[in-house]
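Every read-out reported here was derived from the displayed coordinates using simple, explicitly stated rules and does not represent laboratory data. Note that the coordinates shown come from a computational prediction; the quantities given were computed from them, not determined experimentally. Every residue, glycine among them, receives a Cβ derived from its backbone with ideal geometry; neighbour counts consider all protein chains shown.
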Amino acid sequence: MRSIVRWLGLGLVALICAAGAGAAYLFLKFPIIEPAAAASIEPSADKLARGAYLAEHVAVCVDCHSERDFTRFSGPTKPGTVGRGGERFGHDLGLPGELYATNITPYALGSWSDGEIARAITSGVTPDGRALFPLMNYPGYAKLCRSDLEALVTYVRALAPIANDTPKSSLDFPLNMIVRTLPKPARLSDTCPDTADTKAHGKYLVTVASCADCHTPRNGPDPIPELALSGGNAMPLATGGTVVTKNITPDASGIGSWSREAFIARFAAYRDPANLPKVERNGFNTAMPWSMYAGMSDADLGAIYDYLRTVPKVKSANPSVATR
């Protein structure tokens, strides 16, 4: 009996040692990423304007990294808070931890080089080697063309500094270990998609806008490829209730009956602040940042529509309805 207990004890010690060695390996070996680029990005008015367009209306960086007014429909950004961070994403919203959007103004990133900001956007690694959780869609941002990435860095650099020290994020075990293996070096294209090729340009915009993140069903953390963009994800809202994402494939249960003009108009309607009504406490709201995407040009919205018409049709398993 004593020998059995002894061997069990030795086995437990071996397992603990192996787990410790594995954890040490992950922390010492990962993330496997290249050094940040050393070159500085030369700012210009054109880069700043393009960066503002991308950050505020396409990649919608301001969606998470600003304070939003959820007393109004779709939670538009509160003036004077752009980039301050602090929005919380926790267990109550289905996240595997307690995550906080970081401050991306020069108050927090002033010591970062241009290359370090670019690497964080496209590879999800901070200057001190911390791997970011891909709630920030760095796998999608890795598809940015080089000039658009430079425009985003220019925009971040130009933000007004806002003194706001955001809480430290924490992930549940074992994801806090696994997340270190996720970052990969980005291979940026030196040319952006030709806007005349609306389908290719639309695919680029859908990728950068992270449409699939909400509109593709998942098996645990992994998107289900054959159900891409078919909606049906139940998303708890911080303001209460749940919204189910819409099928945006060209199936009849999705946007199959929508015309190009109707698709553009659906977004353009929210360019008018009057169409962002007040929401009573615990009243219905949405996770879709309509007021931000509404700032896209008609040409870009039309390109997104053209691309979505080319994706495989998938019949919705769930209606796009809101429940409480």
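Structure notes:
- Environment charge at Cys214 (Cβ cut-off 12 Å; Lys +1, Arg +1, Asp -1, Glu -1): 0
- Dipole moment magnitude, nearest 20 debye, segment 97-167 about Cα centre, only Lys, Arg, Asp, Glu C-beta charged: 180
- Helices of the chain meeting both criteria, an alpha-carbon length of 30 angstrom or more along the long axis and an average Kyte-Doolittle score not below 1.6, with helices taken as full DSSP H segments, do not occur.
- Within segment 193-324: Cβ-based charge dipole about Cα centre, in debye rounded to nearest 20 (Lys, Arg +1; Asp, Glu -1): 400
- Local electrostatic count, Pro79, Cβ distance below 11 Å [Lys/Arg +1, Asp/Glu -1]: -1
- With the charge dipole of the chain set up from +1 on Lys and Arg Cβ and -1 on Asp and Glu Cβ about the Cα centre, the Cα lying farthest toward the positive end among the listed residues Ala228, Pro127, Ala163 is that of Ala228.
- Hits among lysines - C-alpha to C-alpha of Lys315 under 26 Å, sequence gap 8 or more where chains match: Lys199, Lys203, Lys246
- Lysine pair count for segment 40-188 with Cα-Cα distance under 25 Å and sequence separation of 8 or more or different chains is 5.
- Summed residue charge, Cβ within 12 Å of Ala37's Cβ, Lys/Arg positive, Asp/Glu negative: -2
- Going through (1) 23.8, 79; (2) 23.4, 76; (3) 21.7, 79, the figure that equals Rg and Dmax of the Cα atoms in Å as computed for the structure here is (3).
- The magnitude of the dipole of the chain, with charges of +1 and -1 set on the Cβ of Lys/Arg and Asp/Glu and taken from the Cα centre, is near 880 debye.
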